[in-house]
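The values are calculated or read from the model by the stated rules, or taken from the named source; none is laboratory data. Remember, it's a predicted structure, so these values are computed and weren't measured experimentally. Here the Cβ positions follow ideal geometry from the backbone for every residue, glycine too, while neighbour counts run over all protein chains shown.
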Amino acid sequence: MVSPAESAPPWPASDRQRFALRVEILLVLVVTFGLSGASAALSLIESALSPGGVGGQTVALNPSRAAQSTIDLLYQLLSVARLMGWGALGLYLLWRSGFGPRVVGLARIRLRGDVLPGLALAAVIGLPGLGLYLIAHALGMSVTIVPSSLADHWWRLPVLILSALANAVAEEIVVVAYLLTRLRALGWSSNRSLFASALLRGSYHLYQGLGGGLGNLVMGIVFGRFWQRTDRLWPLVLAHATIDTVAYVGYTLLHGHVSWLP
């Protein structure tokens with residue numbers, strides 16, 4: 001099966017359409033992960049210039065946003081909604097140009113075709129990623145990552161799981177399905193498109209330090225190539241959601257009880 005990233009697109013057919021497509025990509029990246037990448041790069045520079053350097057800084061991935069429990073919950077749900085909206089935007093724009101959810105690999109989930117490969121990808125990326133983080137942190141190349149600093153509310157674990165799912169949906173739709181399809185439509189080769197997608201993924205994780213950026217660059221290459229070859233996006237969404245869920249919930253349950261976790 002030929003993926004939408006490899007097939008000849010129905011557009012653009014003219015210079016005007018190609019220009020419009022470039023503008024669309026730019027606007028999507030400005031609204032979503034492009035500015036996040038620039039912000040993360042600035043955060044890395046700020047960390048490097050701060051007392052103690054990168055290794056002396058701490059970053060919370062899911063911080064509390066309000067002292068009052070209900071307000072904090074609403075803030076967390078708004079963050080989830082924003083990420084889901086980013087994913088919906090990428091999916092809608094692809095659908096408008098002839099690439100529906102089924103075409104980009106979001107047909108009905110299959111156990112053997114989606115769930116099992118997703119779990120395998122989660123293990124292949126997640127376990128070495130944890131090791132890379134611990135090594136980078138020990139070398140002072142990574143900030144101390146706090147996957148969750150939410151207070152012990154009744155809704156903490158469900159919100160962390162929702163956050164993991166929202167991250168997965170937004171990133172895999174926009175950074176993989178949307179961007180690779182659009183770059184192919186502009187005539188970019190598979191390898192060039194793949195590197196651009198992986199570089200984008202690495203860039204908006206630079207706030208975690210060079211280790212986080214490099215680890216996510218590798219993740220982007222593996223995930224992007226998997227999609228280009230299989231035309232299935234569900235395994236990437238499931239793998240990403242699993243990795244983040246294990247990180248968020250695992251940290252919440254293990255922090256303070258194991259010595260190896262910073």
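When segment 137-165 is limited to residues that are assigned to a helix (DSSP H, G or I) and not hydrophobic (A, V, I, L, M, F, W, C), the one that is modelled with the lowest pLDDT turns out to be 137.
Of the listed requirements (1) of a type in the set (S, T, N, Q); (2) over 17 Å from residue 249 (Cβ atoms); (3) touching a Ser or Thr at 6+ places or on another chain (Cβ under 7 Å), residue 142 misses just one: (3).
Only one of 88, 66, 81, 38 is in contact with a Phe, Trp or Tyr (Cβ under 7 Å, 6 or more places away or on another chain) and surrounded by fewer than 18 Cβ atoms within 10 Å (Cβ to Cβ). Can you tell me which? Sole residue among the options that is in contact with a Phe, Trp or Tyr (Cβ under 7 Å, 6 or more places away or on another chain) and surrounded by fewer than 18 Cβ atoms within 10 Å (Cβ to Cβ): 66.
For the structure I just gave you, tell me whether residue 80 is out of contact with any strand residue (DSSP E or B) (no Cβ under 7 Å at 6 or more places or on another chain), more than 27 Å from residue 252 (Cβ to Cβ) and either of a type in the set (A, V, I, L, M, F, W, C) or part of a helix (DSSP H, G or I) (or both). When the stated conditions are applied, residue 80 does not pass them.
Just to be sure before I move on: is residue 120 at pLDDT 90 or above, over 24 Å from residue 83 (Cα atoms) and among the hydrophobic types (A, V, I, L, M, F, W, C) in the structure I sent? Before the answer, list the steps.
Working: at pLDDT 90 or above: yes; over 24 Å from residue 83 (Cα atoms): yes; among the hydrophobic types (A, V, I, L, M, F, W, C): yes.
So residue 120 passes the test.
Is it true that some residue in segment 101-121 is touching a His at 6+ places or on another chain (Cβ under 9 Å), buried (at least 18 other Cβ atoms within 10 Å of the Cβ) and hydrophobic (A, V, I, L, M, F, W, C)? Yes, because at least one residue in segment 101-121 is touching a His at 6+ places or on another chain (Cβ under 9 Å), buried (at least 18 other Cβ atoms within 10 Å of the Cβ) and hydrophobic (A, V, I, L, M, F, W, C).
From the list 94, 116, which residue is in contact with a Pro (Cβ under 9 Å, 6 or more places away or on another chain) and touching a residue at least 24 places away in the same chain (Cβ under 8 Å)? Steps first, please.
Working: 116 fails: touching a residue at least 24 places away in the same chain (Cβ under 8 Å).
94 is the lone residue from the list that is in contact with a Pro (Cβ under 9 Å, 6 or more places away or on another chain) and touching a residue at least 24 places away in the same chain (Cβ under 8 Å).
Let's see how each residue does on (1) at pLDDT 85 or above; (2) surrounded by 13 or more Cβ atoms within 10 Å (Cβ to Cβ); (3) among the aromatic types (Phe, Trp, Tyr):
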{"position": "4", "(1), (2), (3)": "no, yes, no"}
{"position": "8", "(1), (2), (3)": "no, no, no"}
{"position": "13", "(1), (2), (3)": "no, no, no"}
{"position": "25", "(1), (2), (3)": "yes, yes, no"}
{"position": "29", "(1), (2), (3)": "yes, yes, no"}
{"position": "32", "(1), (2), (3)": "yes, yes, no"}
{"position": "42", "(1), (2), (3)": "yes, no, no"}
{"position": "47", "(1), (2), (3)": "yes, yes, no"}
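I'd like to check something: does segment 206-214 contain any residue that is among the hydroxyl-bearing types (Ser, Thr, Tyr), outside any loop (DSSP other than H, G, I, E, B) and out of contact with any strand residue (DSSP E or B) (no Cβ under 7 Å at 6 or more places or on another chain)?
Restricting attention to segment 206-214, the residues satisfying the condition of being among the hydroxyl-bearing types (Ser, Thr, Tyr) are 207.
If we keep only those that are outside any loop (DSSP other than H, G, I, E, B) as well, we get 207.
When the remaining residues are screened for being out of contact with any strand residue (DSSP E or B) (no Cβ under 7 Å at 6 or more places or on another chain), the result is none.
No, every residue in segment 206-214 fails to be among the hydroxyl-bearing types (Ser, Thr, Tyr), outside any loop (DSSP other than H, G, I, E, B) and out of contact with any strand residue (DSSP E or B) (no Cβ under 7 Å at 6 or more places or on another chain).
For segment 134-170, the set of residues classified as within 26 Å of residue 234 (Cα to Cα) and in contact with a strand residue (DSSP E or B) (Cβ under 9 Å, 6 or more places away or on another chain) consists of 147, 148, listed by residue number.
For first residues located in segment 184-198 and without any contact (Cβ under 8 Å) to a residue 40 or more places away in the chain, partners that are of a type in the set (S, T, N, Q) and lie 6+ apart or on another chain with Cβ distances below 9 Å form the pairs 194/228; 198/216. The criterion of being among the basic types (Lys, Arg) and crowded, with 21+ Cβ neighbours inside 10 Å does not hold for residue 192.
Quick check on residue 197: is it more than 23 Å from residue 251 (Cβ to Cβ), in a helix (DSSP H, G or I) and over 16 Å from the mean Cα position of the chain (by Cα)? Steps first, please.
Details: more than 23 Å from residue 251 (Cβ to Cβ): yes; in a helix (DSSP H, G or I): yes; over 16 Å from the mean Cα position of the chain (by Cα): no.
Judged against the criteria, residue 197 is not a match.
Of all the residues in segment 105-117, those that are part of a helix (DSSP H, G or I) and farther than 24 Å from residue 80 by Cβ number 5. With respect to residue 225, determine if the residue is closer than 28 Å to residue 61 by Cα, buried (at least 19 other Cβ atoms within 10 Å of the Cβ) and of a type in the set (Lys, Arg). Here the answer is no, as residue 225 does not meet what is asked. Being farther than 23 Å from residue 143 by Cβ, modelled with pLDDT of 95 or more and in contact with a Phe, Trp or Tyr (Cβ under 9 Å, 6 or more places away or on another chain) is true of residue 233.
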